[in-house]
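The values are calculated or read from the model by the stated rules, or taken from the named source; none is laboratory data. Fair warning: this is a prediction, and the values are worked out from it, not measured in the lab. Don't worry about glycine lacking a Cβ; one is built from the backbone with ideal geometry, like all the others, and counts go over all protein chains shown. Protein only, heavy atoms only, side chains kept; ligands, DNA and RNA dropped before computing areas. Shrake-Rupley method; radii C 1.70, N 1.55, O 1.52, S 1.80 Å.
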Amino acid sequence: MLPSLVRHAGTPGVDALSPQHMERSTRYWPWMLAESVLFGPDQHEELKRLLDPLKRAVLSGTLSQQATDIAQELITRLFQHSQNNESKLFPHLRTAQAARRDAFRKLWTEVYVFLTKCDTTPSHHSLVSFMESLWPEPLSKAEREREKEREREKEQQLREKEQQQRQEQEQQQRQEQEQRQEQQQRESAAAAAAAAAASTATPAKKHSKKEKDKEKHEHKHKHKHKEKAKEKEAAAVAAAAAAAAAA
């Protein structure tokens, strides 16, 4: 199945297994191939001849005007088959008109969704608009699904944005906490340095006070010694005077 989808438009038989082409080839992929009309494994030859060139054109990264015209012609043919509910594309449903009508509606919707997934150029977008103008009624459900998908993408983007904001806030909080811790460490280091300086300066002050007290004590002692010497001298003079008077 996959090699039939990854061929260059206009280059039959050449597989295009480049990463870009592989990415485009898998943008739309049904959950179960057995439930897909566009990619079903049991397509009739008439249906394959109609869909294969259309899929190759859509998968092309760029569409020339000629390729766009061919794609529009193929879409128009599919529309005509659908409106006439012809059995040529679905011969196994020849006798089941309702089932055949449902198959055409499902195929039209699948082709439309496949186109929207590969809508990367104005030419691709013109094909999308062309399908909408031809037969819009089956596409209402597909459009609702696309709207739901867009809403889911918006919600996912919003969640990612909120998560990024939370991560940025957490990172900012961590940085602020680290800054506070660094500031506390600096303040603690400064306080420790001041305490160390104070502890080295205190003995000097105490020593200076001790010396002053010693000097004061010595001065007081000298003063007392002088006072005692004066008292002794005065007593001696008094004694001499008394002795002189007695004689």
Inset, instruction - Check K117 against each of (1) among the charged types (D, E, K, R); (2) touching a residue at least 12 places away in the same chain (Cβ under 8 Å); (3) under 23 Å from E45 (Cβ atoms); (4) open to solvent by 20 Å² or more (accessible area, probe 1.4 Å) and name the one condition it does not meet. - result: (3)
Legend entry - Test result for Q72, more than 25 Å from E149 (Cα to Cα), of a type outside the set (A, V, I, L, M) and surrounded by 14 or more Cβ atoms within 10 Å (Cβ to Cβ): yes
Inset, instruction - Out of S140, S129, S123, report the one residue that is modelled with pLDDT under 90, under 23 Å from Q80 (Cβ atoms), open to solvent by less than 60 Å² (accessible area, probe 1.4 Å) and part of a helix (DSSP H, G or I). - result: S140
Inset, instruction - Please work out which residue is farthest from L78 (Cα to Cα), limiting yourself to region 48-63 and to residues that are among the basic types (K, R) and surrounded by 15 or more Cβ atoms within 10 Å (Cβ to Cβ). - result: R56
Inset, instruction - Considering (1) surrounded by 10 or more Cβ atoms within 10 Å (Cβ to Cβ); (2) at pLDDT 75 or above, say which one A198 fails and leave the rest. - result: (1)
Inset, instruction - Being within 41 Å of the chain's Cα centre (by Cα) and assigned to a loop (DSSP other than H, G, I, E, B) is the filter; apply it to region 67-119 and report the residue that is nearest to L38 (Cα to Cα). - result: C118
Inset, instruction - Answer yes if at least one residue in region 151-162 is among the hydrophobic types (A, V, I, L, M, F, W, C), at pLDDT below 95 and open to solvent by 90 Å² or more (accessible area, probe 1.4 Å), and no otherwise. - result: yes
